[in-house]
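S.K.: After the structure tokens below, expect a handful of questions from me.
The values are calculated or read from the model by the stated rules, or taken from the named source; none is laboratory data. This one's a predicted model, so the numbers in the text were calculated from it and none came from an experiment. Cβ sites come from the backbone with ideal geometry, for glycine too, and all protein chains shown count toward neighbours. Each accessible area value is taken on the protein alone, full model and side chains, heavy atoms only, with ligands, DNA and RNA left out. Shrake-Rupley method; radii C 1.70, N 1.55, O 1.52, S 1.80 Å.
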Amino acid sequence: MGRFGIAIRFAALAVVWGASFLFIKIGLTGLSPVQVALSRVVLGAVALIAVAAWRRKPLPRDPAVWGHLAVVSVLLCVIPFLLFSWAEQYISSGLASIFNATTPLITMLIAAAALPSERFTKARTTGLILGFLGVLTIVGVWQGIDVSHELTAQLACLGATTCYGISFVYVRRFISWRDLDPPTIALGQVCCGAVVMLVLAPFIATTPVHLDTSIVLSMIALGALGTGLAYAWNASIIAAWGASNASAVTYLTPVVGVLLGVLVLDEPLAWNQPVGALLVVFGILAAHGRLSPRKKLKDAVPA
């Protein structure tokens, strides 16, 4: 695939992942949070199975690999999907998308604690401080801490991104070195997550369901696109551009999420939310050394 095709996938990924929080909000009008998470992971698994059938890549045969993928599925799919779905009962989809943008910083914090090679540097420390200030700004701590559903929902979002961070570090520690095909890893973790949710469904997904066209289409988009094909797109972008450049999608998803929430759902937007989001983005940039002055050309070009 050429550069233009990869750029199209990158834009599509930003839109789909940013819109995921809108789809969750629409789904909650007729489904419980558990049912939204269940629909998301099952439809995502179906989409990835279809991609795998088309690619005809062999699946891992080592039971240890599947054991690790099962752990990742709980950390990367089951718990975060449940937490975000529950949280959006009490906060806007745009605010949820902003909290999701903290994932790279939380991942860095967890990696520094768990991986000897990921020690704190001046850039990473600066980035984490900016990100922490961003979160405090989003929450609006100067207004006082009111232990309500809204605050609990915001903490749930941070809990979800913490799970993402733990899962990424776990993948690096136990899976990445095995040189597995990235789409195959995505297939394994989402399918394992679907199995877990299907086993739990008879006990936790028992509330009445009220479907309409918008809910059905939102769940298909959330699952098949946001949790299915998007994983395959992300893998191809990483292969073409590298992980660092591919991670730039993190800067765009909250923009998409906030805009869609305001334009489609007429959600309110307080000044501190975009300001806090900018601080988080600056924190990510600082942590990756992208706010430092550019090196001179003679230092930047290989000899």
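S.K.: Bin all alpha-carbon pair distances of the chain at 20 Å intervals from 0 and give each bin's fraction as a whole percent.
M.R.: For the chain, the pair-distance distribution reads 32, 60, 8, 0.
S.K.: Given a 1.4 Å probe and the protein chains all in place, what does the accessible area of E150 round to, in Å² to the nearest 10?
M.R.: We get 90 Å² for E150.
S.K.: Highest mean first, what order results for 30-39, 133-142 on Cβ atoms within 10 Å? Before the final figure, lay out the partial values.
M.R.: Details: 30-39: 23.8, 133-142: 17.6.
Top to bottom by mean Cβ count within 10 Å: 30-39, 133-142.
S.K.: What shape does the range 1-68 take by its C-alpha gyration tensor, where a ≥ b ≥ c are the square roots of the eigenvalues and a/c under 1.5 counts as rounded, a/b above b/c as prolate, and the rest as oblate?
M.R.: Numbers: a/c = 2.57, a/b = 1.16, b/c = 2.23.
Since a/c reaches 1.5 but b/c is at least a/b, the shape of the range 1-68 is classed as oblate.
S.K.: Right, here's the next one. Rounded to the nearest 500, what is the chain's calculated 222 nm mean residue ellipticity when only DSSP H runs of at least 4 contribute -39500 (n - 2.57) each, over all residues? Display every interim value, and only then the final one.
M.R.: Numbers: 15 runs with 216 residues, N = 303.
The helix-only estimate for the chain comes to -23000 deg cm²/dmol at 222 nm.
S.K.: Roughly speaking, what is the stretch gain from H149 to A12, that is 0.36 nm per residue apart minus the C-alpha to C-alpha distance, in nm to one decimal? Walk me through the numbers on the way to the answer.
M.R.: Details: separation 137, 0.36 × 137 = 49.32 nm, distance 3.29 nm.
Fully extending the segment from H149 to A12 adds 46.0 nm.
S.K.: Now for a different question. Anything in the chain that counts as a DSSP H helix reaching 20 Å or more along its axis (C-alpha) with Kyte-Doolittle mean of at least 0.5? List them, would you?
M.R.: On the way: long enough: 3-27 (35 Å, 1.54); 33-55 (33 Å, 1.55); 122-139 (26 Å, 1.42); 149-174 (36 Å, 0.57); 182-204 (33 Å, 1.85); 249-265 (23 Å, 2.30); 272-287 (22 Å, 1.71).
Within the chain the helices that satisfy the rule are 3-27, 33-55, 122-139, 149-174, 182-204, 249-265, 272-287.
S.K.: Which FRET efficiency, nearest 0.05, do V264 and W142 yield, Cβ-Cβ r, R0 30 Å? All intermediate terms of the calculation are to be shown ahead of the outcome.
M.R.: Values: r = 30 Å, r/R0 = 1.00.
Step by step, r from the Cβ atoms, then E = 0.50.
S.K.: Here's something else I'd like to know. Kindly provide the chymotrypsin sites (Phe, Trp or Tyr not before Pro) of the range 154-197 that DSSP labels as loop, not H, G, I, E or B, and whose Cβ sees at most 16 other Cβ atoms within 10 Å.
M.R.: On the way: sites: Y164, F168, Y170, F174, W177; in loops: none.
Nothing satisfies the criteria.
S.K.: Taking 8 Å as the Cα distance limit and 6 or more residues as the minimum spacing, I'd like the relative contact order of the chain as a percentage. Numbers along the way, then the final one.
M.R.: Details: 420 pairs, mean separation 129.2, N = 303.
Answer for the chain is 43 percent.
S.K.: Next question. Collect residues whose amide H, placed 1.01 Å from N in the peptide plane, falls under 5 Å from the amide H of Y90; neighbours closer than 5 in sequence don't count.
M.R.: none
S.K.: Per residue, what accessible area does the chain have, given a 1.4 Å probe and all protein chains present, in Å²?
M.R.: Numbers: 15270 Å² over 303 residues.
Normalised by residue count, the accessible surface of the chain is 50 Å².
S.K.: Looking at the square roots a ≥ b ≥ c of the eigenvalues of the Cα gyration tensor of the range 101-219, which shape do they give, rounded for a/c under 1.5, prolate if a/b is larger than b/c, or oblate? Please list the in-between numbers first.
M.R.: Details: a/c = 2.52, a/b = 1.14, b/c = 2.20.
Oblate shape, in that a/c is at least 1.5 and b/c is the bigger or equal ratio.
S.K.: Next up: Residues of the range 2-30 with backbone nitrogen within less than 15 Å of a virtual label 7 Å along the Cα-to-Cβ line of D212, please, listed as ranges.
M.R.: Label zone hits: 25-30.
S.K.: Hand me the chymotrypsin sites (Phe, Trp or Tyr not before Pro) from the range 60-114 located in a DSSP loop with no more than 12 other Cβ atoms within 10 Å, in residue order please.
M.R.: Working: sites: W66, F81, F84, W86, Y90, F99; in loops: Y90.
Qualifying residues, ordered by number: none.
S.K.: Let me ask something additional. Probe radius 1.4 Å, ligands and nucleic acids left out: which of M197, M108 has the largest accessible area, and how do the rest follow? Intermediate results must be reported in sequence, preceding the final value.
M.R.: Working: M197 5, M108 25 Å².
Ranked list, largest accessible area first: M108, M197.
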